[in-house]
Amino acid sequence: MDPDEFRRYGHLFVDWVADYLEGMERYPVCSPVKPGDVRGGLSLEMPEKGDAMETIFRDFQDTIIPGITHWQHPSWFAYFPANNSPPSILAELLTAGLGAQCMVWKTSPAAAELEELVLEWLRDMLGLPVGMSGVIQDTASTATLVALLTARERATAYESNKRGIKIPLLVYTSEEAHSSVEKGVKIAGYGKDNIRYIPTDKDYAMIPSELERAIIKDKEQGSCPACVVATVGTTSSLAMDPLVGIGKICKEHGVWLHVDAAFAGTAAILPEKKWILDGVEYVDSFVFNPHKWMLTNFDCSAYFVSDPASLIRTFEIHPEYLRTGQDAVVKNFRDWGIQLGRRFRALKLWFVLRSYGLEGLQTMVREHIRLAQYFKERVDEHELFELMAPVELSLVCFRLNNGGNESDLNLINEEFLARINQSGKVFLTHTTLKGKYVLRMAIGSRTTGQKQVREAWELIVTAAKEWSGTDYSFP
Ligand SMILES: Cc1ncc(COP(=O)(O)O)c(C=O)c1O
């Protein structure tokens, strides 16, 4: 591609993206294609000679786009959001253009220094302790793995990196923790059987007294409690593990405390929601995802530690070919995580934080919380529906309830969800809470407003009425 063609297609693609973002509602939220449809529509032969950009772009529009699920759709209510925003997209374009690989300070000083700065901004916005230092990881899963590895090293006086794990090390998390904890435990060599799942209370939050009981019992049996992973905003229901109680126990027993606040962490930028991080002074490590609720393109996870020295001691490696003259005076982020090569992720975050400012982000988060309250009230007052968890932030867990037995209700709600999503007008996903099948209305897309939430509610009620008129009778 020559420079003129690059410029021409560059303009065309930016126009295409602008139209896409503006006209998103013409697409079904969740891709309706069946397995194999996309592959079946593509030429399977690797081209011997390069194709013209025009042909590639036509295939993108005709075959790739129908197989895309539109995460930026204003009626996106599935999982949690993975927001982007115009400033973030433009920064990603610049990042791709620069093509910098930012493994150490010298390989792009601006990337290292900007990363340090934007993470200080995030730390202060959330109200994390000023002593905490941050680094960008790709995802919360990786950040949790990094925390588990660091906790493992600290628990073994930094011997397990050298000699492997010699004694059973234990990890504690709630039965509502994200699956990335189990994955991290397996990868970090603790062994899946060495996770203790701590019971939760009626609001699905970890019960600190149960945690303490488990730690004491394990110590009495000669095992070594190494790490507690608490969740601020569980995936299923946004339950908040109580950090003050958990933190005191960790401190008393010398156990590493990692906090997974992947989605909910962003809410701490609101003065009225700061309470979600009460007890954060006890924390050894903390992660939240600007790529979820802070308008920054996937992937971008902000990971903070109280003691960078233990993180670096776990991950540092100094082959001759990576040595630079500045190593003693700069941050080389390759030693703050798993990978060597690093993308310039700080740029998109910087663009977002500068473009929206704290107030712009607070306005968006507040509006999503308000919309969730609006939806919650509709659920609460409607005879066909039941609210299934407290609504503190922007997730509403609910289900149809016709008074049937629990296994019938699970089935009804599973089929009901499929029916709602078949419309293509909204996309919601589900979970189970204490064995009950629950629909999740996760509000957090940048463009979601009152209109989309009201329409979603109307669609849900209409579907419920149709449903109640068929096989199942509702009060
Ligand atoms: C509480 C929690 N932790 C971790 C994750 C995993 O996030 P990531 O995709 O960044 O690894 C999620 C995903 O939704 C989550 O809700």
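Can you spot a residue in segment 405-417 that is of a type outside the set (Lys, Arg), part of a helix (DSSP H, G or I) and in contact with a Cys (Cβ under 8 Å, 6 or more places away or on another chain)? No, segment 405-417 has no match at all. The one condition from (1) assigned to a loop (DSSP other than H, G, I, E, B); (2) away from the ligand (no atom under 12 Å from the Cβ); (3) farther than 23 Å from Phe304 by Cα that Ser237 does not meet is (2).
Would you tally the residues in segment 115-126 being of a type outside the set (Asp, Glu) and surrounded by fewer than 19 Cβ atoms within 10 Å (Cβ to Cβ)?
Taking segment 115-126 and keeping what is of a type outside the set (Asp, Glu), we get 117-119, 121-123, 125-126.
From what is left, the residues that are surrounded by fewer than 19 Cβ atoms within 10 Å (Cβ to Cβ) are 117, 121, 125.
Number satisfying all stated conditions: 3.
Scanning segment 392-407 for residues that are touching a residue at least 24 places away in the same chain (Cβ under 8 Å) and out of contact with any Gly (no Cβ under 9 Å at 6 or more places or on another chain) yields Val396, Cys397, Phe398, Arg399, Leu400, Asn402, Gly403, Gly404.
I'd like the full set of residues that are in a helix (DSSP H, G or I), within 24 Å of Gly191 (Cα to Cα) and either of a type in the set (A, V, I, L, M) or not assigned by TED's automatic domain parsing to the domain that holds Ala188 (or both), limited to segment 240-259. Matches in segment 240-259: Ile246, Ile249. Could you please let me know if Pro47 is assigned by TED's automatic domain parsing to the domain that holds Ser237, exposed (fewer than 15 other Cβ atoms within 10 Å of the Cβ) and out of contact with any helix residue (DSSP H, G or I) (no Cβ under 7 Å at 6 or more places or on another chain)? Criteria not met by Pro47.
In segment 150-193, of all residues being away from the ligand (no atom under 16 Å from the Cβ) and hydrophobic (A, V, I, L, M, F, W, C), the one that is nearest to Ala205 (Cα to Cα) corresponds to Leu170. Reported count of residues in segment 283-330, each being more than 24 Å from Gly127 (Cβ to Cβ) and in a helix (DSSP H, G or I), is 7. Scanning segment 291-313 for residues that are away from the ligand (no atom under 16 Å from the Cβ), out of contact with any Lys or Arg (no Cβ under 8 Å at 6 or more places or on another chain) and touching a residue at least 40 places away in the same chain (Cβ under 8 Å) turns up Val305, Ser306, Pro308, Leu311, Arg313. Please find, among Leu428, Leu400, Leu433, the residue that is surrounded by 20 or more Cβ atoms within 10 Å (Cβ to Cβ) and closer than 30 Å to Met294 by Cβ. Going through Leu428, Leu400, Leu433 in turn, the sole match is Leu428. Is it the case that some residue within segment 200-216 is of a type in the set (Phe, Trp, Tyr) and surrounded by fewer than 23 Cβ atoms within 10 Å (Cβ to Cβ)? No, every residue in segment 200-216 fails to be of a type in the set (Phe, Trp, Tyr) and surrounded by fewer than 23 Cβ atoms within 10 Å (Cβ to Cβ). Inspection of segment 224-234 finds a residue satisfying the criterion of being within 16 Å of the ligand (Cβ to nearest atom), in a loop (DSSP other than H, G, I, E, B) and in contact with a Gly (Cβ under 9 Å, 6 or more places away or on another chain). Restricting attention to segment 331-349, the residues that are in a helix (DSSP H, G or I) and within 22 Å of Asn297 (Cβ to Cβ) total 6. Scan segment 13-64 for residues that are assigned to a loop (DSSP other than H, G, I, E, B) and over 28 Å from Ala456 (Cα atoms) and jot them down. Hits for segment 13-64 are Gly36, Leu42, Ser43, Leu44, Glu45, Met46, Pro47, Glu48, Lys49, Gly50, Asp51, Ala52. Here Arg196 meets each of (1) closer than 21 Å to Ala239 by Cβ; (2) within 16 Å of the ligand (Cβ to nearest atom); (3) not aliphatic (A, V, I, L, M) with one exception, condition (2).
Here is the figure for segment 77-103: residues that are out of contact with any helix residue (DSSP H, G or I) (no Cβ under 9 Å at 6 or more places or on another chain) and under 25 Å from Pro28 (Cα atoms) total 1.
Candidates Glu113, Glu92, Glu120, Glu153: the one that is under 18 Å from Asn297 (Cα atoms) and modelled with pLDDT of 95 or more is Glu92. The residues of segment 267-279 that are within 16 Å of the ligand (Cβ to nearest atom) and either over 16 Å from Leu358 (Cα atoms) or in contact with a strand residue (DSSP E or B) (Cβ under 6 Å, 6 or more places away or on another chain) (or both), listed by number, are Ile276, Leu277. Against the list (1) buried (at least 18 other Cβ atoms within 10 Å of the Cβ); (2) without any contact (Cβ under 8 Å) to a residue 60 or more places away in the chain, the condition Trp467 fails is (2).
Flag: Leu243 matches the condition of being within 16 Å of the ligand (Cβ to nearest atom), within 16 Å of Val229 (Cα to Cα) and at pLDDT 95 or above. Residue-level analysis places Leu322 among those that are of a type in the set (A, V, I, L, M) and either surrounded by 14 or more Cβ atoms within 10 Å (Cβ to Cβ) or in contact with a strand residue (DSSP E or B) (Cβ under 8 Å, 6 or more places away or on another chain) (or both). Is it true that Glu367 is modelled with pLDDT under 95 and not hydrophobic (A, V, I, L, M, F, W, C)? It is false that Glu367 is modelled with pLDDT under 95 and not hydrophobic (A, V, I, L, M, F, W, C).
The values are calculated or read from the model by the stated rules, or taken from the named source; none is laboratory data. As the structure is a prediction and not an experimental result, all values here were calculated from the model. Neighbour counts run over all protein chains shown; Cβ positions are idealised from the backbone, glycine included.
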